[in-house]
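Where a number appears in this text, it was derived from the coordinates with a stated rule and is not lab data. What you see is a predicted model; the values in this text were computed from it and never measured. All Cβ positions, even for glycine, are placed from backbone atoms using ideal geometry, and neighbour counts span all protein chains on display.
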Amino acid sequence: MPVIDVHTHMFTRRWMELLREKGGIYTLKTRPDGQQEIFRGATPVAIPQPGHFDYELRLGAMDKAGIDLATVSLTCPNVYWGGEEVSAEAARQSNNSMAEAQHKYPERIRWFTSLPWEYPARAIEELKRSCDKGAIGVMVLANIAGRSLTDPFFAPIWAEIDRRALPVLVHPTDLPGADLMDMGQYDLSWSVGFIADTTLAFTRMIFDGFLDLYPNLKLIASHGGGALPYLVGRFDKGDEVEIRSRRKIKTKPSEYLRRIWYDCITYHPEPLRFLISIVGHDRVLFGTDYPHQVHDMLGSMANTAALPAGQCQAIREANTRKIFPL
């Protein structure tokens, strides 16, 4: 069966140059193992790998794993730094590179656009330009320079994304306050902070009535939805005892969890099975997080292969075709 990867990343050399020169609080430091790592202050964010810059290397890895099509996106810290002109340039440059890759490898590559979200007019302009160049969705970080995705400031962007009914990959980044929680130690910013960032973003969306406000959105929660599946009972109990006048949602939180899409990146088969038990296999998409140092191409293939055949086929291909114009 064909395998479609919806969660996979690319950088460009120019994006890296801009980050190095004008990234502000984001800097590059050398790790003890000699690798360059992107930091926000003292908090590690991402480690650029050779595969982030080389499509031929990517295609070779896809062939080896048995993956047919990859939807690429920029990852954290995306373009939320450097001021308006730098942010817009970084988005444009990255998006152009992905559009070129899709044109060069039309059977293998699709892409999510990145937008200068801190500047809504520029973001909407870049969204239109990207869609004209072939973007099939939007990638956004779970917080935008510390601001919640449900902040009314971003409403014009969400309204345009909703009008276009585009899929949106919501990807974690450095959690606000990570420095105060000492998350730089032991890479807790990745193992715990990223999961918390995704979980907080979607919890706010659910309880703020965001999914009712923008009914055409196809939101994808990275890394198996973070802690969302595990919190289903806690969400419903909290809603049950909430003061009615403060309640914004129209049904139980658990019902909203089933309106979100999730990737299968859980690094272990049991969390994937639990996710399916909560939201259904028809809400799960295939992802690998390639080419991050922590990518799990082989694990995602093995964990989906261990599922019943119908569930495996749905996650690897059929569910993605429901929401993406491939």
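Worth a mention:
- Sorted by Cβ neighbour density within 10 Å, fewest at the top, the residues LEU257, LEU188, LEU217: LEU188, LEU217, LEU257
- Derived scalar couplings between HN and Hα for region 180-193 equal 5, 8, 6, 7, x, 6, 6, 6, 5, 4, 8, 5, 10, x Hz in order, rounded to whole Hz, by the Karplus curve 6.51 cos²θ - 1.76 cosθ + 1.60 (θ = phi - 60°), x for Gly and Pro.
- Residues CYS131, CYS76, arranged from fewest to most other Cβ atoms within 10 angstrom of their Cβ, appear as CYS131, CYS76.
- Built amide H within the under 5 Å cut-off of LEU285, gap 5+: TYR262, ASP263, CYS264
- Computed over region 4-65, the P(r) tail beyond 17 angstrom holds 49 percent of alpha carbon pairs.
- Total lysine pairs in region 4-323 at Cα distances under 23 Å, for residues eight or more apart or on different chains: 14.
- Derived scalar couplings ³J(HN,Hα) [region 21-38; Karplus, 6.51 cos²θ - 1.76 cosθ + 1.60; whole Hz; x for Gly, Pro]: 7, 9, x, x, 5, 8, 9, 10, 10, 8, 6, x, 8, x, 7, 7, 10, 7
- Global geometry of region 241-281, whether rounded, prolate or oblate, following the gyration tensor of its Cα atoms and the 1.5 cut on a/c: prolate
- Within the shell of other residues whose beta carbon sits under 12 angstrom from the beta carbon of PRO2, the net charge comes to -1, with Lys and Arg scored +1 and Asp and Glu -1.
- Taking region 63-167 and dividing mean pair separation by its residue count, relative contact order in percent (alpha carbons under 8 Å, at least six apart): 28 percent
- Ranked for footprinting exposure by Cβ neighbours inside 10 Å, fewest first, MET181, MET98, MET205, MET301 give MET181, MET301, MET205, MET98.
- Environment charge at GLY280 (Cβ cut-off 14 Å; Lys +1, Arg +1, Asp -1, Glu -1): +3
- Rounded if a/c under 1.5, otherwise prolate or oblate - region 52-187, Cα gyration tensor axes: oblate
- Relative contact order (%) - the chain, alpha-carbon pairs under 8 angstrom, separation at least six: 19 percent
- Region 137-272: C-alpha gyration tensor shape, a/c 1.5 cut-off, then a/b vs b/c: rounded
- The residues neighbouring GLY193, those whose beta-carbon lies less than 11 Å from its own, together hold a net charge of -4 under the Lys/Arg +1, Asp/Glu -1 convention.
- Applying 0.36 nm per residue to the separation of TYR186 and ASP68 and subtracting their alpha-carbon distance, the gain on full extension is 39.0 nm.
- Note on the chain: Kirkwood radius taken over Cα pairs, Stokes-Einstein applied at 25 °C and 0.890 mPa s, translational D equal to 124 µm² s⁻¹.
- Using C-alpha pairs below 8 Å separated by at least 6 residues, the relative contact order for region 183-326 is 20 percent.
- Projected label points at GLU85 and GLU107, each 7 Å from Cα along the beta carbon direction, are separated by 4.4 nanometres.
- For TRP111, the residues 5 or more places off, or on other chains, whose built amide H falls under 5 Å of its own are VAL72, ILE136.
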